[in-house]
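The values are calculated or read from the model by the stated rules, or taken from the named source; none is laboratory data. These figures come from a predicted structure and were not determined experimentally. Glycine also receives a Cβ, built like all others from the backbone with ideal geometry; neighbour counts cover every protein chain displayed. Please note that ligands, DNA and RNA were not included when accessible areas were found on the heavy atoms of the full protein model with its side chains. Shrake-Rupley method; radii C 1.70, N 1.55, O 1.52, S 1.80 Å.
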Amino acid sequence: MISVEKALETILADCRPLGFEKVNILEASGRVMGEDVIAQRDIPPAPNSAKDGYAVRSSDTKGANSRNPLELKVIETIAAGSLPRKTVNKGQAARIMTGAMIPKGADAVVLREEAEEKDKTVMIKTPVLQGVEVRFAGEDVKKGELVIQKGSVLRPGHIGMLAALGKAFVTVYQKPRVAILCTGDELVELETDPPPGKIVNSNSYSLAAQVRECGGVPILLGIGRDSRSDLAEKFQVAGRADVVLSSGGVSVGDYDFVKDVMADLGNAMHFWKVAMRPGKPMAFGSVNGVPLFGLPGNPVAVMVSFEQLVRPYLLKMQGHTQIFRQIFKAVSAQSIRKETGFKHFMRGVVKKEKDRYVVYLTGEQGSGILKSMVEANAFMVLDENVSSVKKGDEVVVQMLDETILRTDLPGFG
Ligand code: AMP
Ligand code: MG
């Protein structure tokens with residue numbers, strides 16, 4: 001049996017990033033950039049107006065005030081998207097819309113609401129300085145500038161920037177194709193009424209959702225029977241994916257054949273059994289050089305093992321450098337006893353109460369209580385050597401999502 005830290009170290013040392021692919025930027029959100037993006041143009045491409053108003057020569061406006069307004073002749077109207085046709089000379093102004101190009105001669109814009117236009121003349125009541133309400137060419141991005149670095153995780157802002165730069169396709173890290181095989185003679189497929197003694201295979205679906213949540217493509221291989229030959233055959237097929245996940249059959253039961261089949265296939269098994277609860281029975285090895293995670297069968301255990309050991313691996317494969325969930329300290333809402341020698345990942349709900357975070361356990365913590373994963377927004381992580389927690393003690397929480405209930409910010413509860 002090895003520690004969670006050692007298991008993680010072994011797993012990550014084995015992890016090689018996948019190759020790259022070109023995708024349309026509409027498909028690129030959440031992906032990791034596989035190339036540097038250097039601007040091929042200035043943004044904005046030309047000086048333009050930041051407001052609706054009048055393009056003027058700032059020098060003309062010196063000394064203007066409400067008692068002594070300045071009169072300028074309006075020579076044209078410039079709409080966004082059209083080109084100015086005239087030069088603004090001394091004593092002149094052009095009516096201009098937001099985003100329209102600044103005409104020659106003008107160097108500032110007077111807001112429409114601060115001017116009064118009558119009979120092709122506009123009255124300016126306050127002076128403006130050079131450059132006021134003008135957006136300069138390249139003020140956002142300069143041609144030749146490195147705008148997005150290889151390795152960046154693309155968020156909506158990046159996607160907008162790529163579009164602004166005229167890039168419809170980008171190179172990103174590939175998504176891992178993850179084969180999922182659930183073992184167990186007691187399992188029947190979804191949408192079958194389970195006869196006595198049987199249960200629905202739910203692990204395929206929780207795993208598929210977890211794979212998808214961290215950017216992978218799940219491939220459901222269905223149910224493997226508790227026999228060496230069936231598992232061997234199915235693992236061979238699964239070995240064409242980038243990663244193989246199995247669930248169940250990896251403990252010490254009479255029909256737990258996953259480890260044997262891993263050995264039969266002539267591949268190294270790096271470890272078996274991790275000092276964690278839930279999730280102790282877990283094997284890590286490979287089939288035909290493809291990494292194989294033999295995850296436990298219990299519905300909570302399989303999800304916790306995925307979270308702790310598979311998710312970081314899949315994220316690393318996709319070029320992510322932030323591969324771990326956010327952790328912080330919270331106050332335990334209750335006293336807890338625990339056995340030593342195992343790191344515990346208890347399902348909890350973290351809430352923000354006044355100026356502190358408080359974590360409540362979801363209730364029954366058995367590795368088959370899937371409802372605990374429905375309710376939890378975090379794991380309470382208790383180290384191997386910890387034997388008890390008192391109500392009010394600080395504990396580490398690992399967040400599963402961002403849904404922390406806040407009671408201190410009006411309108412944000
Ligand atoms: P095993 O590790 O194969 O002994 O499985 C441990 C427990 O998890 C047993 O109670 C199984 O019935 C249950 N289990 C195994 N695989 C699945 C699955 N795919 N879906 C739901 N429960 C499962
Ligand atoms: Mg089984």
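Could you check the stretch 108-124 and list, in sequence order, the residues that are out of contact with any strand residue (DSSP E or B) (no Cβ under 7 Å at 6 or more places or on another chain) and open to solvent by less than 70 Å² (accessible area, probe 1.4 Å)?
Those that are out of contact with any strand residue (DSSP E or B) (no Cβ under 7 Å at 6 or more places or on another chain) and open to solvent by less than 70 Å² (accessible area, probe 1.4 Å): none in the stretch 108-124.
Tally the residues that are touching a residue at least 40 places away in the same chain (Cβ under 8 Å) and in contact with a Pro (Cβ under 8 Å, 6 or more places away or on another chain), restricting the search to the stretch 94-112. Working first, answer last.
Taking the stretch 94-112 and keeping what is touching a residue at least 40 places away in the same chain (Cβ under 8 Å), we get 94-103, 105-112.
Add one more test, that the residue is in contact with a Pro (Cβ under 8 Å, 6 or more places away or on another chain), and what stays is 94, 96, 100-103.
So the answer is 6.
Within the stretch 228-245, identify whether any single residue is surrounded by 15 or more Cβ atoms within 10 Å (Cβ to Cβ) and near ligand 1 (Cβ under 10 Å from one of its atoms), and answer yes or no.
no
Any residue in the stretch 149-160 that is assigned to a loop (DSSP other than H, G, I, E, B) and in contact with a His (Cβ under 7 Å, 6 or more places away or on another chain)?
Yes, there is a match, as at least one residue in the stretch 149-160 is assigned to a loop (DSSP other than H, G, I, E, B) and in contact with a His (Cβ under 7 Å, 6 or more places away or on another chain).
Answer yes or no as to whether residue 276 is open to solvent by less than 10 Å² (accessible area, probe 1.4 Å) and out of contact with any helix residue (DSSP H, G or I) (no Cβ under 6 Å at 6 or more places or on another chain).
Here the answer is no, as residue 276 does not meet what is asked.
Of the residues that make up the stretch 328-336, is at least one more than 29 Å from residue 172 (Cβ to Cβ) and within 16 Å of ligand 1 (Cβ to nearest atom)?
No, that holds for no residue.
Give the residues of the stretch 268-314 that are closer than 22 Å to residue 17 by Cα, in contact with a His (Cβ under 6 Å, 6 or more places away or on another chain) and not small (Gly, Ala, Ser), sorted by residue number.
Correct list: 284 only.
Restricting to the stretch 172-210, and then to whatever is open to solvent by 70 Å² or more (accessible area, probe 1.4 Å) and outside any loop (DSSP other than H, G, I, E, B), can you tell me which residue is nearest to ligand 1 (Cβ to nearest atom)?
199
Pick from the stretch 279-298 the residues that are open to solvent by less than 10 Å² (accessible area, probe 1.4 Å) and of a type in the set (A, V, I, L, M): which of them is nearest to ligand 2 (Cβ to nearest atom)?
My answer is 295.
Give, as residue ranges, the strands (runs of 3 or more DSSP E) completely inside the stretch 1-93 that count at least 1 residues that are open to solvent by less than 60 Å² (accessible area, probe 1.4 Å) and touching a Pro at 6+ places or on another chain (Cβ under 8 Å).
53-56, 70-78
Just to be sure, is residue 155 surrounded by fewer than 20 Cβ atoms within 10 Å (Cβ to Cβ) and under 16 Å from the mean Cα position of the chain (by Cα)?
yes
Just the residues that are in a loop (DSSP other than H, G, I, E, B) and buried (at least 17 other Cβ atoms within 10 Å of the Cβ), please, taken from the stretch 125-136.
Taking the stretch 125-136 as the starting set, the residues that turn out to be in a loop (DSSP other than H, G, I, E, B) are 125-133, 136.
Once the filter is applied, which keeps residues that are in a loop (DSSP other than H, G, I, E, B) and buried (at least 17 other Cβ atoms within 10 Å of the Cβ), the stretch 125-136 yields 127, 128, 132, 133.
Go through 302, 374 for me and flag whichever is out of contact with any Asp or Glu (no Cβ under 7 Å at 6 or more places or on another chain) and open to solvent by 70 Å² or more (accessible area, probe 1.4 Å).
After ruling out the rest, the residue left standing is 374.
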